[in-house]
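Scroll down for the structure; my scribbles are underneath it.
The values are calculated or read from the model by the stated rules, or taken from the named source; none is laboratory data. On a predicted model such as this, the values are computed, not experimentally measured, just so you know. We place every Cβ from the backbone using ideal geometry, glycine too, and count neighbours over all the protein chains shown. Ligands, DNA and RNA are excluded from the accessible area calculation, which covers all protein heavy atoms including side chains. Shrake-Rupley method; radii C 1.70, N 1.55, O 1.52, S 1.80 Å.
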Amino acid sequence: MTFNWRVFQTTFPDFMRATGVTIQYAVIAIVIAVIWGIFIGSINFRRPKGIWRITSAYVCFFRETPLLVQIYFLFYGLSRLMPVSASIIAVAALVLNDGAFIAENVRGGLQSINKGQEEAAYALGFSKFQTMIYFLIPQAVTKVQDSIMNMVSIIIKDTSLLMWITITELTYMAHRVNSKYYQPVTAYLTAAVIYMALFLSVQGIKKLMDRRSQKKYELSES
Amino acid sequence: MSLASHKMLFFDTLIKSALPVTLQLILGSFVGACLIGLIGGIIRGMKVPVLSQILGVYVQLCRGIPDMLVLLFLYAAMTKGSTYSIAVLGISLIQGAYIMEIIKGGILSVDKGQWEAAKTLSLPFLTTLFRIVIPQVMLVALPALIGQLVLLIKGTSVASTIGCLELTKRAVIAMSGYSNALIVYGYVLVIFFIMCHALTVVGKKLEKYVVERIMGDKYER
């Protein structure tokens, strides 16, 4: 039950490789989830007939069911219907789950924007679509960038569930090192430190973004 | 699948034998998390010197490390205890940190005048804390606590991976008998959705009530 340096040294390259996999999945999932979240969020904000009911039901359902079951559902369910690789399922599950949370945030951001912005854009002759793209979405995203950055750290945490569908990411590596050497403290402490490093760097980026947007705000005020 | 096997899967396997375990898991870890959160939250809200910094680090750790890793570590490191108690321990440790933040925010949001008024009435410290401050904190924190409870319910599915026989694990076992994942996991999703959605609806109602209560006449519909 102590930290074993020998095991740490022999398994460190494996851990680094696994960290690479975790970062890779997290980054891909974040990029797609933000786009997907903005898309669904603006549909839920605009409420076009018909589609709106489907997208809001989707957001409601995916926000209120556990990610692990969703992953199992997609992985074992979809692989019966068509041949898809585990990595695609992994990204799809993360995007569907966390995209729903981002969509709800973005919708809230869009609703909090002053109605005058939209009307001013219409008065200047912009179409509905252009108003969304050029005026409303940028403002909404800057408003909710804090919660989006929180979602980023949650997505990094969520990638740990991908170990159950054969993806060799960080938690899986810790699990494997532990079952090979039986050194729980060494294996899991290493993984925990790496996760903390990722989390703290995301927090750092969040703070930098905060400072930048504050500066922008001050400039526009003066 | 025939109707009889649907019935057997849904009612006998999932509802009758798995749901009670999940409910126990939820109850146990929520009580544990609330205990940790209340004690830690009071310490952090009161800004007790060294302890509140240590708890601050603990909260950061719980926010950064996935529950999966914590549960696997506890499962590997603990030589005693059933999978149920390990799961309760792990989940309440992690969720306790979040509840701690909620309680801390609530205590900091209570007006300073309340403390001063209690002091002029020469109420002892603990009476002030438990009879005056905490009731106000609870009113403010209740909607957030319910939101956290929803996250906790979703978190219990992770306990299946260390072998705790709750909904998800029963579904994994049932997979070998039924083999149709869309149906088996679909049922699990539906059960979780019903539990969480009911709580979310209650939470939204409560939030409205709390806002009305705090804002009083200033609240506009």
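Here are the numbers:
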read-out	value
Computed [θ] at 222 nm, helices only, for chain A once each DSSP H run of length n ≥ 4 contributes -39500 (n - 2.57)	-27500 deg cm²/dmol
Surface share of carbon and sulfur [accessible, 1.4 angstrom probe, percent] for region B:3-216	71
Averaged over A:94-104, number of beta-carbon atoms from partner chains that fall within 10 Å	0
Size of the A/B contact, given as accessible area buried on both chains, probe 1.4 Å, in Å²	3300
Carbon plus sulfur fraction of accessible area for region A:5-221, probe 1.4 Å, in percent	65
Residues in region B:67-105 that, when all protein chains are in place, have 20 Å² or more less accessible area than the chain alone would give (probe 1.4 Å)	B:68, B:69, B:72, B:73, B:76, B:77
Surface accessible to a 1.4 Å probe, per residue, for the residues of region A:71-119, Å²	43
In Å², nearest 10: area of residue B:116 left accessible to a 1.4 Å probe	100
Within chain B: Cβ-based charge dipole about Cα centre, in debye rounded to nearest 20 (Lys, Arg +1; Asp, Glu -1)	100
Gaussian network model of chain A, springs between alpha carbon atoms under 10 Å - residue of A:200, A:124, A:170 with greatest fluctuation	A:124
Entries of A:115/A:206; A:49/A:207; A:115/B:154; A:143/B:169 with Cα pairs more than 30 Å apart	A:49/A:207; A:115/B:154; A:143/B:169
Most fluctuating residue given options B:199, B:165, B:126, as computed from a GNM of chain B linking Cα atoms under 10 Å	B:126
Listing of region B:167-196 residues, each with accessible area lower by at least 50 Å² in the full protein assembly than in the chain alone (probe 1.4 Å)	B:182, B:185, B:189, B:193
Among A:69, A:95, A:177, residue whose mean-square fluctuation peaks in a GNM of chain A (springs only between Cα atoms under 10 Å)	A:69
Accessible area expressed per residue, region A:161-222, with surrounding protein chains retained (probe 1.4 Å, Å²)	58
Most positive-pole-ward Cα, A:138, B:59, A:89, against dipole of the protein assembly as shown from beta carbon charges	A:138
Distance from region A:146-194 to region B:39-88 (C-alpha centre basis), Å	17
Simple Cβ-charge dipole of region A:5-221, Lys/Arg +1 and Asp/Glu -1, about Cα centre, in debye nearest 20	120
Point-charge dipole on Cβ atoms (K/R +1, D/E -1) for the protein assembly as shown, about Cα centre, debye to 20	120
